[in-house]
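Following: one structure in structure tokens, then a few remarks.
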Amino acid sequence: MFPELNNLLNTTPDRAEQGKLTLLCDANTDGSFLVHHFLSFYLKANCKVCFVALIQSFSHYNIVGQKLGVSLTVARECGQLVFLEGLKSSVDVFFRAQAEPHPLQFLRSVSLQPSPEVHAWEANAENLQPLYEFVREALKPVDDGEAAWRCPVLLVDDLSVLLSLGMGAVAVLDFIHYCRATVCWERKGNIVALVHDSGDTEDEENNILLNGLSHQSHLILRAEGLATGFCRDVHGQLRILWRTPSQPTTQRDWSLTYQYKIQDKSVSFFAKGMSPAVL
């Protein structure tokens, strides 16, 4: 995890909040450093983590995790981490017989129906039910005699991939709704999900997903590329938005914006225009 980001969010692993939905968003930049931060943060907070990784392999996350002071291999062996490797699991869906529905079964059983309006393919919402059942089973309360974890956490990297694979935005929102009901409300845990903002106003599905999750989220971290283009000493800017969905809009939202530079084992944050390289 990145201590400077914890300072900006006013949190530490010892006092992590519960029952929250955190939305990570990247636009014209790579926001994966935020995923690595929250993965290592919740592992250090002694939480039970279910990580649905649809972008990278286990070894990739493990290498980065070791730089941040956590071992995903050890966490998985002791039962703290349940890791769904989408890149590897997709092969099992197509080429291996499954006794039970696979979490990514929608890749095979998706019902493709041409949409005359947008000439696209849409999948039935129920095809994400096996993925929800996987999450629910992975984060179920432990039995007596097993290690007691602080709270359950669902981490998804990233939800935009589900759209690319044929799922509709409404189906993905329904999936998150059921996960919130189980993880956040019933079991007092947290959900962290990354969504890519393509910036394409014609990408209606992605916009629906991003807007829908934004309205439900308690915390939004949006990483953006610099409007001026590439810079060696400033890699982008991070907008942090705190929300209280149950309160009126005028009382519930406030935000801060910082610029950042990604280093080998850390990320430095500073006010806009206050990079050490230009002072």
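The numbers here are math on the coordinates, done by the rules we state, and not lab data. These figures come from a predicted structure and were not determined experimentally. Glycine also receives a Cβ, built like all others from the backbone with ideal geometry; neighbour counts cover every protein chain displayed.
Label-to-label distance, Asn7 versus Asp264, with points set 7 angstrom from Cα along the beta-carbon direction: 2.2 nm. Between Arg15 and Ala181, the modelled label-to-label distance comes to 3.4 nm, taking each label 7 Å out from Cα in the direction of the beta carbon.
Averaging sequence separations of C-alpha pairs under 8 Å and six or more residues apart, then dividing by the length of the stretch 1-101, give the relative contact order as a whole percent. Write down the numbers at each step before the final one.
Values: 85 pairs, mean separation 27.4, N = 101.
The value is 27 percent.
A simple count of charges around Gln216, restricted to other residues whose Cβ falls under 10 Å of its Cβ and scoring Lys, Arg +1 and Asp, Glu -1, yields +2. Go through Lys44/Lys140; Lys140/Lys265; Lys48/Lys265; Lys67/Lys188 and tell me which ones have a Cα-Cα distance over 26 Å in this structure. Table pairs above 26 Å Cα-Cα are Lys140/Lys265; Lys67/Lys188. Among the trypsin sites (Lys or Arg not before Pro) in the stretch 178-264, those placed in a DSSP loop whose Cβ has at most 15 other Cβ atoms within 10 Å are Lys188, Arg232.
Phi angles of the stretch 195-204 translate, via the Karplus equation with coefficients 6.51, -1.76, 1.60 and θ = phi - 60°, into HN-Hα couplings of 10, 8, 9, 6, x, 8, 5, 7, 7, 5 Hz per residue; Gly and Pro are given as x.
Computed from label points 7 Å out along Cα-Cβ, the spacing between Cys78 and Lys140 is 2.4 nm. Each Lys or Arg adds one and each Asp or Glu subtracts one; over the other residues with Cβ under 13 Å from the Cβ of Tyr260, this totals -1. Once the chain from Ile63 to Leu165 is taken as fully extended at 0.36 nm per residue, the excess over their C-alpha distance is 34.0 nm. Count the net charge of all other residues whose Cβ sits under 13 Å from the Cβ of Ser40, scoring Lys and Arg as +1 and Asp and Glu as -1. Taking every Cβ under 13 Å from that of Ser40, the sum is +3.
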